[in-house]
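Worksheet: the structure to be examined is printed underneath.
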Amino acid sequence: MLRSMFSGVSGLRNHQVKMDVIGNNIANVNTVGYKMSRTTFQEMYSQTLRSASAATGTAGGTNPQQVGLGVSTAAIDVVHEGGAMQSTDRALDFAISGDGFFVVQQGDSRYYTRAGNLYLDDDGFLVTANGLFVQGVSLLLDADVPAGVRGTMKIMTQAALDAVSETTLAASGNTNTYLGRILIPEGKFTSFAVDKRGLITGIDSNDNLVPIGQILTATFVNPPGLTRLGSNLYEKSNNSGTPQIHRPSAGGAGELISGSLEMSNVDLSREFTDMIITQRGFQANSRVITVSDTLLEELINLKR
């Protein structure tokens, strides 16, 4: 069988994969915090027809003769460059201006997300749109925390938290030392605000400023190494590196921008250009298969 036919088949299959990635990017053009993916190709192994030879006293050296056997997908990686900020004027909408991720938890599983559309559940805990608990430090007094949920929270004083160095905080990524649920008790505060460093401050009935909690963020040495899980969530992988925990605006995590959301970083002009290139590549590989079939037909017709 002709090698060109199998090369064409590999081209079809891998261009289809690239089109699948492009289609998913376009589908998520308006998804909050979405990071686009890209596909890169690499050649498959080559069949060596003649090896290279060294020069001799009477003749020069010769190059190898090799026939390539198609293409394969080298990588489908996530591009973690920042998306545009969209103002919403909603108190619990947040965008991260740097490389950080919100840390969220469901049961014993910890995840990471760039989607900052947060909410309060019926108990007053800060959660994501899917009900995962946003992680950080509670600065409430023990008396303000229901006894049944104290075990899920890391309760500290403002002074104690300020005394924690960034180095110590960053190294706590694989522990629960500083990560727990954040509670904003219903009826205790007339209003609350979150600053660029993730500090949540409430105003009580006497117009006193009271620290409520501290949102913490995580960074990774290799963000593209994170495993995408869907629902705007990522999970640590063997190649992402250990999560480094930071206060927002420290350690490259980036500031929190309240009242804004980070939009998808998909560039439609680039995606449509890639779509045209991918379509032409698919068509060209289809033509290789049809021409190879014609050559095989000619071989078969030799017997007639």
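What follows draws every value from the coordinates through simple rules; no lab data is involved. Computed from a prediction, not measured in an experiment: that's the story for all the values here. For neighbour counting, all protein chains shown are included, and Cβ atoms are generated from backbone atoms with ideal geometry for every residue, glycine included.
Report, in degrees rounded to the nearest 10, the 0 to 90 angle that the Cα long axis of helix 268-301 makes with the longest principal axis of the chain.
30 degrees
From the phi of every residue in the stretch 51-61, what ³J(HN,Hα) in whole Hz does the Karplus formula 6.51 cos²θ - 1.76 cosθ + 1.60 yield, where θ is phi - 60° and glycine or proline is x?
Taking θ as phi minus 60°, the curve returns 6, 5, 10, 7, 5, 10, x, 10, 8, x, x Hz for the stretch 51-61.
Give the aspartates and glutamates reachable from residue 188 as a straight Cα distance under 18 Å; neighbours fewer than 8 places away on the same chain don't count.
121, 122, 123, 142, 144, 204, 207
May I ask which of 154/196; 35/154; 18/196 have a Cα-Cα span longer than 29 Å here?
Flagged as over cut-off: 35/154; 18/196.
Have a look at 141, 70, 37 and report the one farthest towards the positive end of the charge dipole of the chain, computed about the Cα centre with Cβ charges (Lys/Arg +1, Asp/Glu -1).
70
With the radius of gyration and the Kirkwood radius both derived from the Cα set of the stretch 1-159, what is their ratio Rg to Rh?
1.29
If one takes the longest principal axis of the Cα atoms in the chain, at what angle in degrees, from 0 to 90 and to the nearest 10, does the Cα axis of helix 3-27 lie?
Here the helix axis deviates by roughly 20 degrees.
How high is the relative contact order of the stretch 1-159? Use alpha-carbon pairs under 8 Å, at least six apart in sequence, and give a whole percent.
17 percent
Summing -39500 (n - 2.57) over the DSSP H runs of n ≥ 4 in the chain and dividing by its residue number, what mean residue ellipticity at 222 nm do you reach, to the nearest 500 deg cm²/dmol?
So the calculated ellipticity at 222 nm is -7500 deg cm²/dmol.
What does the extension gain come out to for residue 91 and residue 280, with contour length at 0.36 nm per residue minus their alpha carbon separation?
Answer, rounded to one decimal: 63.3 nm.
Using only the Cα atoms of the chain, each taken as one equal point scatterer with no solvent, compute I(q) by the Debye sum, divide by I(0), and report log10 of the ratio at q = 0.06 Å⁻¹.
Results for the chain at q = 0.06 Å⁻¹ read -0.34.
Assuming 1.306 mPa s and 10 °C, estimate D for the stretch 85-262 with Stokes-Einstein, Rh taken as the Kirkwood radius over Cα pairs, in µm²/s.
Once the numbers are plugged in, D ends up at 98 µm²/s.
What residues of the stretch 274-304 lie in the reach of a label at residue 4, counting those whose backbone N is under 20 Å from a point 7 Å from the Cα along Cα→Cβ?
Zone members listed by number: 280-303.
With only Lys, Arg, Asp and Glu charged, each at its Cβ (+1 for the first two, -1 for the last two), find how big the charge dipole of the stretch 151-304 is about the Cα centre; round to the nearest 20 debye.
Here the stretch 151-304 has a charge dipole of around 420 debye.
Taking 0.36 nm per residue of sequence separation and subtracting the Cα-Cα distance, how much length would be gained by fully extending the chain between residue 228 and residue 63, in nm to one decimal?
Between residue 228 and residue 63, full extension yields an extra 54.9 nm.
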